[in-house]
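Some notes on the structure that comes next.
None of the figures in this text is laboratory data; all of them are computed from the coordinates on show. These numbers were taken from a predicted model, which means no experiment stands behind them. All Cβ positions, even for glycine, are placed from backbone atoms using ideal geometry, and neighbour counts span all protein chains on display.
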Amino acid sequence: MKKLLPTLLLGASGFSANAQTDSTDTGKLTVSGYIDSYYLTALNRPKSGNLLGVDQLAGRAFDRLTDQFALGLVQARLGYSNRKSDLVIDLTFGPNAELGNFGNTTGALNSFRPQSPYGAALYGTSAAIKQAYFTYRVTPKLSFTAGQFGTHIGYEVIDAPVNYHYSLSNLFNNGPFYHIGLKTAYAFNDHTSLMLGVVNNWDNLTDDNKQKSVVGQFSFKPLSTWTVYVNWIGGSRDDTYLNSLVSSGTLPAMFGSYSRQLYDLTTTYQVTPKFYLGLNAAYGRYYFDAESATETAAITDQFDSTAPDWGGVALYTSYAFSDVLGLGVRYEYFEDKHAVRYLQTSNNSVTVTAPITLAATKLIVKPEFRFDASPDKYYENSGGTGRKTQSTLGVAFIYKY
């Protein structure tokens with residue numbers, strides 16, 4: 001006890017000193033953002049004028065409109081950092097902001113709002129929030145983050161200036177976009193770190209069933225130019241859409257008893273200062289709690305499996321000819337044969353992009369060609385009927401500040 005008291009007093013005085021230091025740490029405020037727009041044409045000339053396919057499934061995440069100039073997203077991002085903490089307020093507006101926040105659907109508190117052209121009505125000003133979180137560093141190695149933050153799953157992000165390609169992959173489109181919750185990260189050293197957290201499932205502004213999901217990420221750098229991320233999210237009854245089918249009576253109650261796991265691997269390798277390689281692979285599966293042979297048969301009849309899964313792999317490569325011009329290729333295979341995500345088929349795609357960087361890196365023009373092929377007649381032709389392939393040619397205009 002005699003040894004403990006001086007220790008506590010020293011700890012208290014240390015805390016006071018830190019608090020005093022923190023009070024004089026004014027930190028730094030940053031303002032950034034971007035706007036993007038695009039024009040593309042589909043060589044298959046879909047009758048509907050969009051790229052969602054004959055069944056209006058999400059074949060493309062954001063760049064959906066053909067033969068017209070289309071606005072993508074407008075971002076205003078505020079950041080504040082000092083020695084112990086960071087704050088991010090990331091606001092977005094426009095069609096892609098609504099599509100990226102599709103989980104913020106209408107409820108009892110705002111049933112008066114009109115329907116959005118992209119689906120259910122959104123929660124007022126909450127629809128403009130892409131990220132809103134703070135991070136507190138307990139030590140240089142240990143930190144906590146709370147609020148709404150972009151998902152750790154996957155290779156690509158919503159922000160057009162960050163991605164090499166303007167058109168987003170099916171792996172991105174069929175995974176989570178954001179989470180709301182609490183996570184902690186610990187850096188073991190300069191090469192290895194671990195993140196764990198608890199969130200309101202996938203793309204949920206509010207938790208509809210009080211069942212939380214657990215997230216995790218293990219990252220390491222075998223080389224200064226090579227980084228590997230092993231990602232995971234898992235939970236029980238965490239699919240809001242599937243839950244809505246059960247609550248509406250479209251599916252029997254037994255379909256509401258399940259768990260879902262998603263595993264994701266992302267790695268980047270800067271082979272030379274000009275040549276780059278990347279890879280993203282993901283695998284997800286639903287596990288239904290069937291309690292009888294009848295329930296097992298019903299689940300099999302609905303999904304053609306008692307544990308329906310989905311997944312895919314995407315390979316990335318790019319070469320910088322100069323500070324102005326580059327060329328990149330993405331190949332992707334994605335499979336959702338059990339129709340548990342959005343694509344509800346299998347698909348091969350190749351995307352070729354040649355970004356042109358101007359105005360001291362502020363302006364990026366991205367000419368892009370993409371070819372998609374499916375064994376099913378998923379895509380749309382000029383007569384409004386299905387076909388197995390789709391080719392698009394377009395250009396995106398991005399200005400960042």
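Mind ordering 37-47, 298-308 by average Cβ neighbours within 10 Å, highest first?
Values: 37-47: 17.7, 298-308: 15.6.
Taking the mean over residues of other Cβ atoms within 10 Å, the ranking is 37-47, 298-308.
Using a cut-off of 10 Å between beta-carbons, work out the net charge of the residues near G328 (Lys and Arg +1, Asp and Glu -1, G328 not included).
Taking every other residue near G328 into account, the sum is +1.
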Convex hull volume of the Cα atoms in the chain, per residue, in Å³?
185 Å³
Check Y178: other-chain or 5+ apart residues with amide H under 5 Å from its amide H, H built from backbone geometry?
T151, D203
Note: probe point = Cα of V313 + 7 Å toward Cβ; backbone nitrogen < 18 Å; residues of region 325-345 passing the test are 329-337
Between F321 and Q270, what is the spin-label point distance in nm, taking each point 7 Å from the Cα along the Cα→C-beta axis?
2.2 nm
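Where the eigenvalues come from the Cα gyration tensor of region 211-323, what are the semi-axes √(5λ) of the equivalent ellipsoid, largest first, in whole Å? Present the calculation step by step, with values, prior to reporting the outcome.
Values: eigenvalues 320, 40, 28 Å².
With the √(5λ) rule applied to region 211-323, the semi-axes are 40, 14, 12 Å.
Arrange the following residues from fewest to most other Cβ atoms within 10 Å of their Cβ: K377, K141, K183.
Working: K377 16, K141 12, K183 23.
Lowest to highest Cβ neighbour count: K141, K377, K183.
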Could you work out how far the C-alpha centroid of region 132-196 sits from that of region 203-265, in angstrom?
15 Å
If a paramagnetic tag sat 7 Å from the Cα of S244 along the Cα-Cβ line, which residues of region 196-217 would have the backbone N under 15 Å from that point?
202-209
Arrange the following residues from fewest to most other Cβ atoms within 10 Å of their Cβ: E368, E295, E380.
E295, E368, E380
Straight-line reach only, C-alpha to C-alpha below 18 angstrom: list the lysines that K337 could link to, leaving out same-chain residues fewer than 8 apart.
K377, K388
Here the tail fraction of P(r) beyond 15 Å, over all Cα-Cα pairs of region 120-164, rounds in percent to 64 percent
Angle, helix 293-303 long axis vs. longest principal axis of the chain, Cα atoms, 0 to 90°, nearest 10?
80 degrees
Final fewest-first order of H179, H338, H191 on the 10 Å Cβ neighbour count is H191, H338, H179
Once the Cα gyration tensor of region 318-397 is found, what semi-axes does its equivalent ellipsoid get, as square roots of 5 times the eigenvalues, in whole Å, sorted largest first?
31, 14, 10
Grab the beta carbon distance between N348 and R83, set R0 = 45 Å, and tell me the FRET efficiency rounded to 0.05.
0.35
